[in-house]
Amino acid sequence: MPATDIDQVVNLCKRRGFVYPSAEIYGGFRSTYDYGPLGALLLRNIREAWIRSMVQMRDDVVLIDAAVLGPPQIWEASGHLANFTDPLVDCTNCKNRFRLDKLSFAVRLRGSVKS
Ligand SMILES: [Zn+2]
């Protein structure tokens, strides 16, 4: 199977020390990443540029830093439990299951789908 563009980008990032799947040597931990020396600096620069652009250069936005984890009552009160879905796609070829939003991103990167 030929490597896709996204596979090449992921492999390059790992070889150059930018980003790795978290706990990769122990089988990985989905949707989390560890940043190497260059990746940690890049992440910090992107975060600072985003805060400068989206918060500091505006007078109608303030910055907060809240916990990501919380009790289920938070998700119920916010409407996420009733309204939030992650559509999944089953590949009949490789038998893997993908989140549609992630699959669409990968397909767009390959240039197979025009958005
Ligand atoms: Zn497949």
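In the range 61-89, the residues that are in contact (Cβ under 8 Å) with a residue 24 or more places away in the chain never reach a residue that is surrounded by 10 or more Cβ atoms within 10 Å (Cβ to Cβ) with C-beta atoms less than 8 angstrom apart, at least six apart or across chains. If I ask for residues that are within 18 Å of the chain's Cα centre (by Cα), assigned to a loop (DSSP other than H, G, I, E, B) and closer than 24 Å to Asp101 by Cα, which ones from the range 24-70 would you list? The answer is Gly28, Phe29, Arg30, Ser31, Thr32, Val68, Leu69.
Every number here is computed from the coordinates shown, using simple stated rules; none is lab data. All of these numbers come straight from a predicted model, not from anything done at the bench. Don't worry about glycine lacking a Cβ; one is built from the backbone with ideal geometry, like all the others, and counts go over all protein chains shown.
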